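S.K.: My questions will all concern the structure given below.
The values are calculated or read from the model by the stated rules, or taken from the named source; none is laboratory data. The structure presented is a predicted model; accordingly, all values stated were derived computationally and were not measured. Quick reminder, even Gly has a Cβ in these numbers, built from the backbone with ideal geometry, and neighbours come from all protein chains shown.
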Amino acid sequence: MSHHSVSGRCVVWIGRPSAEEHFGLIRAGWRTLVADPGRDSGETQGWSDAVLALVDLRTHAIDALTSLDQILAATPLPWIAMVGTRGRQDPLVAGRLAEAAEIIVGAAGMAALHQALARAIGLAGAPTLPDDERLAVMTGSSPAIQALSRNIHKFAPVELPLLITGETGTGKEMAARALHRLSRRRDKPFAAINCGALPANLVQSELFGHERGSFTGATSRRIGHFESADGGTVFLDEIGDLPLDAQTNLLRFLQEGTLERIGSCQSLHVDVRVLAATHVDLEKAVAQGRFREDLFYRLNVLRLRMPPLRERDGDIELLAQQFLETFRESYGTRARAFSTSARRAMNTFSWPGNVRELMNRVQRAAVVADDALITPEDLELTGDQRNGINDSLGSARISAEREAIMDCLRASAFNVSECARRLRVSRVTVYRLCKKHQLALDQLR
Ligand SMILES: Nc1ncnc2c1ncn2[C@@H]1O[C@H](COP(=O)(O)OP(=O)(O)OP(=O)(O)O)[C@@H](O)[C@H]1O
Ligand SMILES: [Mg+2]
């Protein structure tokens, strides 16, 4: 456990939760910190804000009383106990356990666990569980991701178009799927279309369909994505890449709810909700005449801003542990947690590739780790990069980011591939960052 401050609905799980227990709690909006009773260190720092300790005695039946006494001495928290079926038979243990706010016996299942926690925090005077456990649409306990989850719940039932913005890997598509799942359209299709991946001459036909013979090569009628998603949701990813003529048709669809297949003059009424996403600055694209202003305003009625991972205080460890557990379930790797220095490295890294990059690094680390604890080396987050760009990026300040990119570019003699290699990001990201900070590579060279 880290020295991060702990707040909100929080369980300090002293022992070993199963993956199901761990993520069941996280999904239900509990900040869940796992503390290993076998290791003692100054790690109880910061526990004072936590609302509840769950003392997991299922696997410590034999010396339960000793460990229980040690734990309770070190943990000034209201507590509940989870015991194995043997745990309660020892009268001494049973006596001590009587002080617990709740006792859960054995693998009680998630429902019983949630009830016990809710009752226990009721006793401790802490905030109670929200009615809607689904509030935790996106994994995370940071204020930024909680606010995002609330917005997803507010926006899901509304039929208006919606624009999702955020850096690469922040979960834009995941948010779009959540919006669909939480809407009345959930049983109808969800069509995800990457506008940047469609060949320019086929965009219209892909989206809106065409009639047989409408152009060379149109040997049969084609039903477009909008039509086949009727009743459902169309997710237009990288909307900034949509060619201007398709933008015009999309605007018409958003205004009138109708479309025409290419080569047809018959208007079809189609009922889909349009969600769009972009990682480029659409306002700028509008200013440069690459994106229709009227379409921008239509799409931008509701806006979901995905926070970059470096601004999601506390979520990095949570997500890292989750990715590790998921990976372990499939591959049974030796690594089961992160060393203190690995956690520090993760918390200070800038994560230009956001959640996707975190997942990739954790999976790679799980494969290469020799030990139960993943090290910064396993994550490839070692000193040589951290005293360079990433420390500066970690500050998440735009000016620092710009300077850091400049430094790295200079150090790489303005070679994009080299710079990308040093930053451990893709070349595309380097180009994107240059664009973002208006660094004209060809002039700098
Ligand atoms: N909160 C989260 N919890 C778990 N996994 C997440 C979360 N957010 C994102 N991911 C995972 O991170 C990866 C990237 O997410 P997604 O594809 O939605 O990002 P994106 O913003 O669309 O990225 P890009 O701009 O590169 O298309 C996916 O594998 C997704 O499952
Ligand atoms: Mg995406």
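S.K.: Can you find even one residue in region 371-379 that is surrounded by fewer than 19 Cβ atoms within 10 Å (Cβ to Cβ), part of a helix (DSSP H, G or I) and more than 15 Å from the chain's Cα centre (by Cα)? It would help to see each step written out before you state the result.
M.R.: Narrowing region 371-379 to residues surrounded by fewer than 19 Cβ atoms within 10 Å (Cβ to Cβ): 371-373, 377.
Then keep just the ones that are part of a helix (DSSP H, G or I); that gives none.
No, there is no match, as no residue in region 371-379 is surrounded by fewer than 19 Cβ atoms within 10 Å (Cβ to Cβ), part of a helix (DSSP H, G or I) and more than 15 Å from the chain's Cα centre (by Cα).
S.K.: Please determine, by comparing only the residues of region 322-362 that are assigned to a loop (DSSP other than H, G, I, E, B) and surrounded by fewer than 16 Cβ atoms within 10 Å (Cβ to Cβ), which one is farthest from ligand 1 (Cβ to nearest atom).
M.R.: To start, the set of residues in region 322-362 that are assigned to a loop (DSSP other than H, G, I, E, B) comprises 332-336, 339, 349-353.
Okay, now just the ones that are also surrounded by fewer than 16 Cβ atoms within 10 Å (Cβ to Cβ), so 332, 334.
On the way: Gly332: 21, Arg334: 23 Å.
In this case the residue turns out to be Arg334.
S.K.: Are any residues in region 226-267 within 16 Å of ligand 2 (Cβ to nearest atom) and closer than 22 Å to Leu182 by Cβ, and if so, which ones?
M.R.: The answer is Thr233, Val234, Phe235, Leu236, Asp237, Ile239.
S.K.: Could you list, in sequence order, the residues of region 150-159 that are surrounded by fewer than 19 Cβ atoms within 10 Å (Cβ to Cβ) and either acidic (Asp, Glu) or free of Cβ contacts under 8 Å to residues at least 40 places away in the same chain (or both)?
M.R.: Arg150, His153, Lys154, Pro157, Glu159
S.K.: Confirm whether Asp245 is acidic (Asp, Glu), out of contact with any helix residue (DSSP H, G or I) (no Cβ under 6 Å at 6 or more places or on another chain) and closer than 22 Å to Asn201 by Cα. Break it down into steps so the answer makes sense when it comes.
M.R.: Working: acidic (Asp, Glu): yes; out of contact with any helix residue (DSSP H, G or I) (no Cβ under 6 Å at 6 or more places or on another chain): yes; closer than 22 Å to Asn201 by Cα: yes.
Judged against the criteria, Asp245 is a match.
S.K.: Out of all the residues in region 282-310, which are touching a residue at least 60 places away in the same chain (Cβ under 8 Å) and either within 21 Å of Asn249 (Cα to Cα) or among the hydroxyl-bearing types (Ser, Thr, Tyr) (or both)?
M.R.: Leu282, Arg298, Leu299, Asn300, Val301, Leu302 - these are the residues of region 282-310 that are touching a residue at least 60 places away in the same chain (Cβ under 8 Å) and either within 21 Å of Asn249 (Cα to Cα) or among the hydroxyl-bearing types (Ser, Thr, Tyr) (or both).
S.K.: Return the total of residues in region 306-316 being part of a helix (DSSP H, G or I) and within 16 Å of Val11 (Cα to Cα).
M.R.: Residues that pass the stated criteria total 1.
S.K.: Could you figure out which of (1) within 27 Å of Phe155 (Cβ to Cβ); (2) part of a loop (DSSP other than H, G, I, E, B); (3) not assigned by TED's automatic domain parsing to the domain that holds His210 isn't true of Leu319?
M.R.: (2)
S.K.: Also: Kindly indicate which of Thr59, Thr32, Thr85 is of a type in the set (S, T, N, Q), part of a strand (DSSP E or B) and either at pLDDT below 75 or farther than 28 Å from Ser341 by Cα (or both).
M.R.: Values: Thr59 fails: part of a strand (DSSP E or B); Thr85 fails: part of a strand (DSSP E or B).
The unique qualifying residue is Thr32.
S.K.: Still on this model: I'd like the full set of residues that are surrounded by fewer than 18 Cβ atoms within 10 Å (Cβ to Cβ), away from ligand 2 (no atom under 14 Å from the Cβ) and of a type in the set (D, E, K, R), limited to region 160-189.
M.R.: If the condition is that a residue be surrounded by fewer than 18 Cβ atoms within 10 Å (Cβ to Cβ), away from ligand 2 (no atom under 14 Å from the Cβ) and of a type in the set (D, E, K, R), then Arg181, Arg184, Arg186, Asp187, Lys188 are the ones that fit.
S.K.: Can you tell me which residue in region 381-406 is modelled with the lowest pLDDT, limited to those that are surrounded by 14 or more Cβ atoms within 10 Å (Cβ to Cβ) and among the acidic types (Asp, Glu)?
M.R.: Once the filter is applied, the top-ranked residue is Asp391.
S.K.: Checking the condition aliphatic (A, V, I, L, M) and in contact with a Gly (Cβ under 8 Å, 6 or more places away or on another chain), which residue from Val362, Val286, Val368, Val272 passes?
M.R.: Val272
S.K.: Taking region 268-281 as the region of interest, how many residues are surrounded by 20 or more Cβ atoms within 10 Å (Cβ to Cβ) and either without any contact (Cβ under 8 Å) to a residue 24 or more places away in the chain or away from ligand 2 (no atom under 15 Å from the Cβ) (or both)?
M.R.: Residues flagged as surrounded by 20 or more Cβ atoms within 10 Å (Cβ to Cβ) and either without any contact (Cβ under 8 Å) to a residue 24 or more places away in the chain or away from ligand 2 (no atom under 15 Å from the Cβ) (or both) within region 268-281 amount to 3.
S.K.: While we're looking at this one, here's another question. For region 261-300, enumerate the residues that are in contact with a strand residue (DSSP E or B) (Cβ under 7 Å, 6 or more places away or on another chain) and in a loop (DSSP other than H, G, I, E, B).
M.R.: Across region 261-300, the qualifying residues are Arg261, Gly263, Ser267, Val270, Val272, Asn300.
S.K.: Please verify whether region 197-207 includes one or more residues that are under 27 Å from Pro308 (Cβ atoms), within 16 Å of ligand 1 (Cβ to nearest atom) and part of a helix (DSSP H, G or I).
M.R.: Yes, some residue in region 197-207 is under 27 Å from Pro308 (Cβ atoms), within 16 Å of ligand 1 (Cβ to nearest atom) and part of a helix (DSSP H, G or I).
S.K.: Same structure again: So in region 167-186, with the set limited to residues that are assigned to a loop (DSSP other than H, G, I, E, B) and more than 25 Å from Leu358 (Cα to Cα), which one is nearest to ligand 1 (Cβ to nearest atom)? Break it down stepwise before answering.
M.R.: Keep residues of region 167-186 that are assigned to a loop (DSSP other than H, G, I, E, B), which gives 167-171, 182-186.
Filter again for more than 25 Å from Leu358 (Cα to Cα), leaving 182-186.
On the way: Leu182: 15, Ser183: 18, Arg184: 23, Arg185: 19, Arg186: 18 Å.
Filtering first and then ranking leaves Leu182.
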